[in-house]
1. Being farther than 19 Å from GLY373 by Cβ, modelled with pLDDT of 90 or more, assigned to a helix (DSSP H, G or I) and not charged (D, E, K, R) is the requirement here; does MET234 meet it?
2. Go through region 71-170 and tell me which helices (runs of 4 or more DSSP H), entirely inside it, have 1 or more residues that are in contact with a His (Cβ under 9 Å, 6 or more places away or on another chain).
3. How about region 492-504: which of its residues are surrounded by 24 or more Cβ atoms within 10 Å (Cβ to Cβ) and within 28 Å of LEU637 (Cβ to Cβ)?
4. When you check LEU548 against the structure, is it touching a Lys or Arg at 6+ places or on another chain (Cβ under 7 Å) and either surrounded by 16 or more Cβ atoms within 10 Å (Cβ to Cβ) or among the charged types (D, E, K, R) (or both), yes or no?
5. Could you list, in sequence order, the residues of region 170-190 that are in contact with a helix residue (DSSP H, G or I) (Cβ under 6 Å, 6 or more places away or on another chain) and β-branched (Val, Ile, Thr)?
6. Taking into account only those residues within region 72-118 that are farther than 22 Å from THR26 by Cα, acidic (Asp, Glu) and in contact (Cβ under 8 Å) with a residue 40 or more places away in the chain, which is surrounded by the fewest Cβ atoms within 10 Å (Cβ to Cβ)?
7. Mind listing whichever residues of region 595-616 are among the small types (Gly, Ala, Ser) and surrounded by fewer than 22 Cβ atoms within 10 Å (Cβ to Cβ)?
8. The conditions are (1) within 30 Å of ARG167 (Cα to Cα); (2) part of a loop (DSSP other than H, G, I, E, B); (3) free of Cβ contacts under 8 Å to residues at least 12 places away in the same chain, and ALA48 fails exactly one of them. Which is it?
Amino acid sequence: MTSSPTLSAALADAASFALIARDGRTVEVLTGDVIDVAVLADIPLTDAAGTPREVLALVPYRQVQERGFECHDDAAPLRCLVVDGHVAVPLETAMAELPTEPIALRDAGFDIDDAGYAEIVRRVISDEIGRGEGANFVIRRDYRAAVDADARTAALTWFRALLEHERGAYWTFAVVTADHVAVGASPEAHVSAQGGVVTMNPISGTFRHPAGGATAETLGEFLRSTKETEELFMVVDEELKMMSAVCSDGGRITGPHLKEMSRLTHTEYMLRGRSTLDPRDILRETMFAPTVTGSPMQNACTVIRRHERTPRGYYSGVAALFTPVAEAGDAAAPTHDLDAPILIRTAYLEGGRLSVPVGATLVRHSDPAGEVGETHGKAAGVLGAIGAIEREAALEVSADADADPDAPAPAHPALAADPEIATLLASRNTRLAPFWMNPQDPEPGGPFEGRSALVVDAEDRFTTMLAHQLRHLGLSVRIALWSEVTDDDVLSAELLVAGPGPGDPRAERSIRMRRMREIVAHRRASGRPLLAVCLSHQILADSLGIPLVPLDRPHQGLQKTVDVFGMPASIGFYNTFTARVAPGTEAIGDVQIAADPRSGDVFALRGAGCASIQGHLESILSRDGMTTLQRLVQHALAPVGA
């Protein structure tokens, strides 16, 4: 009879190692040598002979520079544990071996006090969201303390404490290398790829359990919150942009579900699609989760750099486990599966200093005091579990259908099973676009079969979703960044789609705005088919002499039913500025106008060879997005005079 492996045996003589608990039954022990590399493509998935090998990579936030995004660069290494030993230790065995003596902290507290953080929240809402720089942004602060204990002992102690006191984590883990420790209980899988199926798991909305635990009544109040609902929809939109970039079928939404943890409950969706990309490329195209950065992604990184005082280190990066595929099969198929949780709810120890970074998602409805409280709640989840602050008893949740039927009944039923909660969750989907909820034909065809389009990306990857929808209408689509589009491209494209982007369309000093104005003007002057979306719609309106004005309240993640040339359409809006005409105006010259009858805010334009829309027809909030998109494309492509 073979004895079960032990933790001490697995860690014997291991200078660097990782412990991962993700199946509820075992602790995986990974040992090997550490290699630091410069970019994701350098992650060493094969040895010198070309044989696939397992690698665990800690990917810092600074890797967003690979996508050309801004950050405070702290030189945090892209650290790879090249695995030469991987054993599974029974959870009970590991728990019995792990140390339990509490680790003392000194000089503990947040690096930014509550008043200072609340002021940052106010500035981001007014100066960034209020000026059209994006829909939502995540700004962090750090809980810090001094630690005198041995780093390895601290890591093992905290890992055990998280296993015992935190529940609902996707991964509970400890990664120990010569000069750095990371220990966490991440609730969120950022991206996984297994057997060619890519999965993303956007989680947003944070319900802090009241004293005595959550109830259906208190949770129901949270689920009815407009802010929390829109926050989740916005991050789903942002992750669908990523899915549309890496998956041939764009990504299908399922959910929403509850993610119940010891002190917090979140709401989540699952997105799935198929891809043949190298998993390192999938990871690059999905850096990083909007739930910990914001949207649109590129501008979110710029806003983070403006408002966060220090570099992020590994916070909001990922721990990426690349596992060789047992049977490669098709030579073109990826050689590795990928499992990559987000590095949140994680404690870092370096040079005797503990850091627990936490952030809040700031949207147009955010209340500064509420966001301060959210950071306290998130920090308490980690700090309470590891015994750094007073620990509250965690309520147990009922087992799911796959659990042991002979296990004793838990003390507290899962709230997701409550009929009222289930109804509240399901009701959210009545607002969403069926296109993204239903299975999609891998060979879509469509009414514009044989036609082609060039989509100009103005630094908002909503263009990837828009391109995916255009392909489902039959068009062959290419996406090009605004700075890479030539004048020949502008004039030669069969259909030019000028896309959305962040910022003030009136900004004269912005090189991006100047180039987008040139693109729209040259295309319009050529008389060739043009479709303009959001920012580009505003630029088209401005070229017609229609004034552009800031909205009193930004429409970031707002769903509205509007009249688009005689047909009502439920559309998602992400705009801070609007073109505005005198109420009742129906045309300027030969260009028709669809506008709000009371405010004069322009929703859509159409003229000879051109059409435009203020909303995002590609958004999950656009229930009538595909129908409206088809109508506008049909108009733009129609022969002039038809």
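1. When the stated conditions are applied, MET234 does not pass them.
2. Values: elements: 91-97, 114-123, 151-165.
Of the helices (runs of 4 or more DSSP H) lying wholly inside region 71-170, those with at least 1 residues that are in contact with a His (Cβ under 9 Å, 6 or more places away or on another chain) span 114-123, 151-165.
3. Of region 492-504, the ones surrounded by 24 or more Cβ atoms within 10 Å (Cβ to Cβ) are 496-502.
Result: LEU496, VAL497, ALA498, GLY499, PRO500, GLY501.
4. The answer is yes for LEU548.
5. Within region 170-190, THR172, VAL176, VAL181, VAL183 qualify.
6. Residue satisfying both the conditions and the ranking: GLU101.
7. Restricting attention to region 595-616, the residues satisfying the condition of being among the small types (Gly, Ala, Ser) are 595, 599-600, 604, 607-609, 611-612, 615.
SER599, GLY600, GLY607, ALA608, GLY609, listed by residue number.
8. Failed condition: (1).
The values are calculated or read from the model by the stated rules, or taken from the named source; none is laboratory data. Just so you know, these numbers come straight off a predicted model, no measurement behind them. Reconstructed Cβ throughout: ideal geometry from the backbone, glycine too, with neighbour counts over all protein chains shown.
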